[in-house]
Amino acid sequence: MKYLILLIDDDSDFVEATRLLLEANDYKVITAKNGQEGFQKVKKESPNLIILDMMMTYKTEGAETAKAITADASTKDIPLIMITGARKEFSFPFELKANQPGLPVKVILEKPVDPEHLLKTVALYIAKRGDEPVKKQVEVKNLINKWQDKEGNLIMILHELQNYYGYIPRDVAFNLTRDLGIPLARIYEVISFYHYFQLEPPGKHIISVCMGTACYLKGATQLFKELKDILNIEEGEITKDGLFQLKGVRCIGCCGLAPVIMIDEKVYGNLKAGDLMDIISQYSNKSEKSVKEGVVV
Amino acid sequence: MSKLTLDSFKNKSKKAKKNNTNFIKVGLSTCGIAAGADTVFNVLKEELKKKEINVPVLRCGCAGMCYAEPLVEVKIEGMPWIIYGKVNEDVALKIIRKHVARKQVINDYIFSIKDE
Amino acid sequence: MQNQKKIILVKDTNMDKETSSMIDKFLFGLRERGLSEDVKVIRAADLNIYNKGVVVKIWPENITYANVKKDDIDLIIHRTVENGKNIDELLVSETNKQLRIVLRNCGIIDPEKIDDYLDNEGYCALAKVLSEYSPDEVIEQMKISGLRGRGGGGFPTWMKWNFAKAQKEETKYIICNADEGDPGAYMDRSVLEGDPHSVIEGMIIAGYTVGAQKGYLYIRAEYPLAIKRITLAINQAREKGLLGDNILGTDFSFDLDVRLGAGAFVCGEETALIASIEGKRGCPSPRPPYPSVNGLWGKPTIINNVETLANIAPILHNGGDWFASIGTEKSKGTKVFALTGKVNNSSLIEVPMGTTLRDIVYNIGGGVLNNKKIKAVQTGGPSGGVIPENLLDTSIDYENLQRLGSIMGSGGMIVMDEDDCMVDIAKFYLQFCVDESCGKCAPCRIGGKQMLNILSNISEGKGDLEDISSLKRISQALQKASLCGLGQTAPNPVVSTLKHFEEEYIEHINEKICRAKKCSLLSIYEIIEEKCKRCSLCQRSCPVEAINGNREVGFTIDQEKCIKCGKCFEVCKFEAVSL
Amino acid sequence: MGKAYINKIEVDFNDGDTILETASSVQIKIPTLCKHPDLSPTGGCGICVVKIEGTNKMLRACCTKIEDGMKIITHDPEIVEIRRTVIELILSDHPNDCLICGRNNNCELQTIVADFGIREESFEKIVKEIPQDKSTGTIKLEPSKCIKCGRCIEVCQDIQNVWALSFLERGINTRMAPAGDIQLKDSPCVRCGQCSAHCPTGAIFEHDHTREVWAELQNPDMHCIVQIAPSVRVAVGEGFGYAPGENLTNKLYAALRRLGFNTVFDTNFSADVTIMEEASEFVERFVHKKGVLPLITTCCPAWVDFMEKFHTDIIPHFSSAKSPQEIMGTLCKTYYAEKKGIDPSKIRVISIMPCTAKKYEISRSNEMFASGYQSTDFVLTTRELIRMIKQAGIDFNFIEGEEPDNLMGDYSGAGTIFGVTGGVMEAALRTAHHFITGNKLEKVEFENVRGLDGVKETSVEISGNILKIVVAHGLGNVEYVLNKVKEAKDKGKEIPYHFIEVMACSGGCIGGGGQPYGVTDEIRKARAKGLYSDDKNSEVRCSHENPFIKQLYKEFLGEPLSEKAHHLLHTKYVPRPEYKK
């Protein structure tokens, strides 16, 4: 598996040139045109390294994006390299210096950047993160091998992958085609058919509201509504801070305790809408207010 | 583990055993666990250990009475064979301290009496 | 008076709260006679007897008295406690309406220990079959037993087996359908968690009978504990020589593997389940060919559900005749139900076929929650229907339920009371079917969605009478033209609520009223001045500022602005907001 | 064999026949939207339901096998009502933009709605906007018009074994989409267009280039040359009420002139050129042992694309000769331009093809620009041409036939059979025989390579040499052939074939993805027959005997496989490993 690098820059020429350079050196590259798109791709693809511009749609977009990425638990460890044409005299609300709260990047390189220097820097920071991709590759390979020769293995392998990653990353699904000789069309047909599989990274805590009949009769709808209000998200969505994901599920099988919700593995039964705020706050070290607004980034 | 053969079943008496020994049994199925049965299971074991009482704590599946989970079945000689329901940590402790140790039945948590 | 201490258990099985005063009376009587030390009086939470007034159980004699009045207490103390004589007029004899065949070991044995199962006659049926029965004789016993599939349709199990057995193919499969998906049903989960070996034993016997070498257990991924226990059980069985090559030293070899579902209700349908194991979308295919002829990987395949398979060992152990002696003429044996909803005792029960719904709800389920009026009982999950209160005396079997517009289904049984709206219920089940439709065939894919839209309109007060005929028309198209059982039965909740509760639909349409006050857009929220403590909580929580007034003059709801979100109703601590 | 009754009519049937098939044998047409004669039934639409007398259940006629003694009712008020409801339901999930739809007047859904006299919509519209996919420039997906019959997916996965299309999600959200939810151009799609040919509605159709072509035709500076592919002539008539297979070559020439084309050529001519090159190539490899065997034909761009994506190890086996379309394009902008003294930059070559992949072929690789320009400028499918003729108000049925233009219009019988499976092989054999033996062939027909069997393995003897050949059509049938070759190669065994012909579409180009809708095996046979009789009626039946071919080589190319020929008429293939099936 190649290391994956995300390039976030609005300068398409620079992006193209850098992409070619990196690809020629055996990196896999994905790109984004602005901070928002970049952040989404970081969440979705979890690259091994991010190269980021400072001034895009607005002057400090790069810094804001870097802050958002480092504030998110699932992405905070990804090394960030900033490449910018901005000079110190541009007057930013922070010092144009790496490794500081206003600009949490590992290093700042000035445009135009010497290709050799860029490659060295990239190699340095990727290496610092250890050999995670290799390790993952081996682990995932083992999961697949376990099932490789068994009949009816596709769904079992997808289960293994979902357990491993928490979801089924796109490139992993694409690679299955090669490993199993099953067409990509079939793999996606299956992933998208079964509700158990998800293609996007999950929230940190999964809140499942049981929508079995018993729970429904005893007020699951109200619980659902209350949770949507508290978390400010719709069914299936993840709060902006990535902390909670809200799902409706079929019967959990605890009808005696209806209505129930399940947070991760723990079941809460005999609930009323009013109980929910307290339960949610246990999982959130933020104040109730920030949960309510669902805004952390 | 040695393998069974057809012969292993020939000598089996109709009702293999009638276990008269003391035991405590906790329903550990999904519904029970959701209601807190695993905590109860651990509390019972620890308390018995602490009190140095030698009664086995067994595990079983769902007895059907979901409304009363967690269920704890207690069979102690000289006492009615009782299924306690809605057992929380507190009741679990009482089961050991009162029912098992002092042969006193606990009010309000009896959900079923089993026939001998 | 014997030496052993006595215990008197008391419980008021009606909804009245007589227990405490009765106990006082007992204590007083015992003290008077100086028996306080020898006899303990205990308040029981439940004695599995319902609607029989105050029930008193005396231990160790195990005497049960029902409908005990205060005046009886002295007599009980005198006659029974002191002199060991029964009071015949208070005696209750048969109390337990349940009969446990499928659940025989659930809650009794340790599901993680094969020895526990073996100690309870486990694998005796397998040993008997392997040593005494030819496959044809097994089928004969199954035929005598009259066992029908417990997964829904009620197809005779022996016939299914016989079809597969008759196939000349060398490779055959046994599949256990444990993709239990009905919302509100968890029978299969309980069996797998509580007695996994009974299912395995059933599968091995099925394998022997039809000549299969391999079986799969297809389990819902949402049941991690069941998966863990069944996997453990398979390994134990293999170690004991009950699975694998040369089972119990015979020529017969058979093995099992677990395959997981992934969140698709439609995979309960046989052909969809097979597609799923094969690693495809869980879309049903046209039948025939039936799986027993052309199933998994094109080979003859038996698919039985968990409950059916758990019945196999007892049938062969005790004989088909024994099983056939239980139940009704056409429906033999017992049925497990997940009794839930507005019932006091949400529980997993097993009763002989032919038990009435009323018996179940009142004598096993302990009656309706909060003593409300029962409206209907729903059986069969999303493929089933509602049975109104006046038909509760129907005895349950496949044919009766079908006649009432419901089905046996896998065994969900949901009690609904006067607070439940039938339009809302229909909408709930239909929503489920729409979410779970595989999307392959047009009637189910689009028809379900269109019906749901119509129901939503009705529940929001936007319906008209033509909608009812549209519902009926689409229902018919679904029933006749859907490819699989899911689509064919998806309209059942609508059809049966329309059949028994059409007036509720018409109320929603014509009068814009929901009598159960479930359809929130039809309700009018008002503040009851007398109850209002003017805390202003409602005003503060209203999302659209529809509540006028202040703490001085009180509050009123502006009906024009109100979006009927129900927030004020939920937050009011004084029940001052009315529906 | 058995007897049953359909609407009280006694019918005989063969074991395994479905109710639908049996009913059609007694002239009862049971309506359906998902069943296609090429494909196995899926039971998707639910319209073909019928009753069995005495039961109240309804069965799908498309997938229920008829049984002895069955008494079937195919139409009664209840059945019709249920069908009507299902059709209305399907309609409620389909946009109403028939007037501007690619399938207007030719849409199976539209037809069935009209047949059932549905005059109002009983159900709320629930159509979901799903963006179109125009990424390939050849085939357009418009998923919001999809009725989820599954034909395209079945044809793509099962018949073509390409796996570019799939169903994603489920229930009401089910949608037809490229594999992995990516763009079609990034999917394994080889643009064969079989999906569009089987789609009952306008959800998949060819990228329409008629407006671009109109613009060129109206540009006075441009010299527009048109070429028509072999199989177009026997299919185009279906757009004007002719029976399938009717050979309308001369009417076509006339109509094309009326459309404003300056020069009318025939791809059959360049097919003859292809044969000259390809047969020579074969002789080189077979007789002179220069290069590997088997040699594999490459006229079909979908097949070329398929190979470049999934079977790159057989690149050395591919004939490097360009397809007839490309040869014509190249020659128009070199040979013809030179001869007529026209500035090639002012020449536009438009080809009429049975095929959507041909739209892709024209810019497939650098060699497609060997003339110094893009050799072929636009490709229209047969369906587009039919529309253009109608747009121009040409009364096709009554137009007098005309002859093609000189130089590259006259063709041999070998050129015309290029349009049908086995045709390229047969044409090549005729010329290869001549090249090897120098003799004139007594009997030019090689019947063993004809017909609709998916794989046709046979051998012919040429002056004592046994030539093992195989013809496959429908990409799904290729695997068998290639596996045999690969296995022999791996095990170092004798190669199983010397010469392989592959056409991506079932039946060859006559069943191409750009041909008039509604193709069945019956129609394929009729079209094939049309081509074979064109061949039979030709004076010249072998490519090397075509006097204009001789002239071409004499005046321009020199010899087959000459340096010039190589430069202009041959191409290269590159592996495209990024595509995953």
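Computed values, structure above
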{"quantity": "Most fluctuating residue given options A:P169, A:P104, A:P93, as computed from a GNM of chain A linking Cα atoms under 10 Å", "calculated": "A:P93"}
{"quantity": "Interchain or long-range residues, amide H under 5 Å from C:V258's placed H", "calculated": "C:L217"}
{"quantity": "Threshold 40 Å², region B:102-116 residues less accessible with all protein chains present than alone (1.4 Å probe)", "calculated": "B:V105, B:N107, B:D108, B:I110, B:F111, B:I113"}
{"quantity": "Span from the region D:524-580 Cα centroid across to the region A:207-229 one, whole angstrom", "calculated": "70 Å"}
{"quantity": "Chain C: C-alpha gyration tensor shape, a/c 1.5 cut-off, then a/b vs b/c", "calculated": "oblate"}
{"quantity": "With DNA, RNA and ligands ignored, accessible area of D:F306 (1.4 Å probe; Å², nearest 10)", "calculated": "0 Å²"}
{"quantity": "List D:V80, A:V172, ordered by accessible area with a 1.4 Å probe, largest first", "calculated": "D:V80, A:V172"}
{"quantity": "Three principal axis lengths of chain D [C-alpha, angstrom, descending]", "calculated": "76, 59, 47"}
{"quantity": "Nearest 10 degrees, 0 to 90: helix D:249-259 Cα axis against chain D principal axis", "calculated": "90 degrees"}
{"quantity": "Buried solvent-accessible surface, both chains (D, C), 1.4 Å probe, Å² to nearest 100", "calculated": "2700 Å²"}
{"quantity": "For region D:201-214, 3J(HN,Hα) per residue [Karplus equation, 6.51 cos²θ - 1.76 cosθ + 1.60, θ = phi - 60°, Hz, x = Gly/Pro]", "calculated": "10, x, 6, 9, 8, 5, 5, 7, 10, 5, 5, 4, 5, 3"}
{"quantity": "Helix D:267-286 axis, angle to chain D major axis (alpha carbon atoms, nearest 10°)", "calculated": "70 degrees"}
{"quantity": "Restraint check, D:K251/D:K322; C:K472/D:K57; A:K28/A:K97; A:K44/A:K272; A:K150/C:K228, Cα-Cα greater than 25 Å", "calculated": "D:K251/D:K322; A:K28/A:K97; A:K44/A:K272"}
{"quantity": "Antiparallel bridge percentage (DSSP; both residues within chain C; nearest 5)", "calculated": "60 percent"}
{"quantity": "Å² per residue, accessible surface of the protein assembly as shown at 1.4 Å", "calculated": "39 Å²"}
{"quantity": "Region D:211-569, accessible surface, carbon-and-sulfur percent (1.4 angstrom probe)", "calculated": "48 percent"}
{"quantity": "Per principal axis, descending, Cα span of region C:357-480 in whole Å", "calculated": "44, 32, 23"}
{"quantity": "Rg followed by Dmax, in Å, when region C:76-191 is reduced to its Cα trace", "calculated": "21.9, 74"}
{"quantity": "In the C-A interface, the accessible area buried, summed over both sides, Å² (probe 1.4 Å)", "calculated": "3500 Å²"}
{"quantity": "Antiparallel DSSP beta bridges within chain A, as percent of all bridges there, nearest 5", "calculated": "25 percent"}
{"quantity": "Carbon/sulfur fraction of accessible area - region D:90-206, other protein chains in place, 1.4 Å, %", "calculated": "48 percent"}
{"quantity": "Accessible area, probe 1.4 Å, largest first, for residues C:R515, A:R87", "calculated": "C:R515, A:R87"}
{"quantity": "Region C:462-579 - Rg (one decimal) and Dmax (whole number), Cα, Å", "calculated": "20.0, 64"}
{"quantity": "Too-long pairs where the Cα-Cα distance tops 27 Å, listed order kept, from C:K280/D:K581; C:K517/C:K573; C:K280/D:K29; D:K140/D:K309; A:K43/A:K136", "calculated": "C:K280/D:K29"}
{"quantity": "Cα point-scatterer Debye curve for region D:197-255, base-10 log of I(q)/I(0) at q = 0.14, 0.19, 0.23 Å⁻¹", "calculated": "-0.58, -0.95, -1.08"}
{"quantity": "Contact order normalised by residue count of chain C, Cα under 8 Å, 6+ apart, percent", "calculated": "11 percent"}
{"quantity": "On Cα atoms only, tilt of D:77-92 relative to the major axis of chain D in degrees", "calculated": "60 degrees"}
{"quantity": "Counting all C-alpha pairs of chain A, share separated by more than 24 Å (%)", "calculated": "60 percent"}
{"quantity": "Carbon plus sulfur fraction of accessible area for region A:179-265, probe 1.4 Å, in percent", "calculated": "49 percent"}
{"quantity": "Calculated log₁₀ intensity ratio I(q)/I(0) where the Debye formula runs over C-alpha points of region C:114-324, q = 0.13 Å⁻¹", "calculated": "-0.65"}
{"quantity": "Cα centroid separation, region D:378-442 to region D:187-256 (Å)", "calculated": "14 Å"}
{"quantity": "Interface C:B - total buried accessible surface [probe 1.4 Å, Å², rounded to 100]", "calculated": "3900 Å²"}
{"quantity": "Loop-resident sites, region C:480-579, for chymotrypsin sites (Phe, Trp or Tyr not before Pro), counting at most 14 other Cβ within 10 Å (DSSP)", "calculated": "C:F574"}
{"quantity": "Percent RCO, i.e. relative contact order, over chain D, from Cα pairs under 8 Å lying at least 6 residues apart", "calculated": "16 percent"}
{"quantity": "Calculated [θ] (222 nm, deg cm²/dmol) that DSSP helices of n ≥ 4 give over the protein assembly as shown, each run adding -39,500 (n - 2.57)", "calculated": "-10000 deg cm²/dmol"}
{"quantity": "Buried on assembly, region C:24-61 (at least 40 Å² less accessible surface than by itself, 1.4 Å probe)", "calculated": "C:I42, C:R43, C:A45, C:D46, C:N48, C:W59"}
{"quantity": "Alpha-carbon centroid distance for the pair region C:363-429 / region D:280-349, whole angstrom", "calculated": "73 Å"}
{"quantity": "DSSP-defined antiparallel bridges as percent of all bridges, the protein assembly as shown, nearest 5", "calculated": "50 percent"}
{"quantity": "Set of aspartates and glutamates near B:K94 by C-alpha distance (under 18 Å), chain-local residues within fewer than 8 positions excluded", "calculated": "B:D38, B:E46, B:E47, B:E52, B:E69, B:E73, B:E77, B:D108"}
{"quantity": "At least 20 Å² accessible surface lost relative to isolated chain, residues of region D:36-50 (1.4 Å probe)", "calculated": "D:T42, D:G44"}
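The values are calculated or read from the model by the stated rules, or taken from the named source; none is laboratory data. On a predicted model such as this, the values are computed, not experimentally measured, just so you know. Quick reminder, even Gly has a Cβ in these numbers, built from the backbone with ideal geometry, and neighbours come from all protein chains shown. When the accessible area is computed, the model is the full protein with side chains, heavy atoms only, and any ligands, DNA or RNA have been set aside. Shrake-Rupley method; radii C 1.70, N 1.55, O 1.52, S 1.80 Å.
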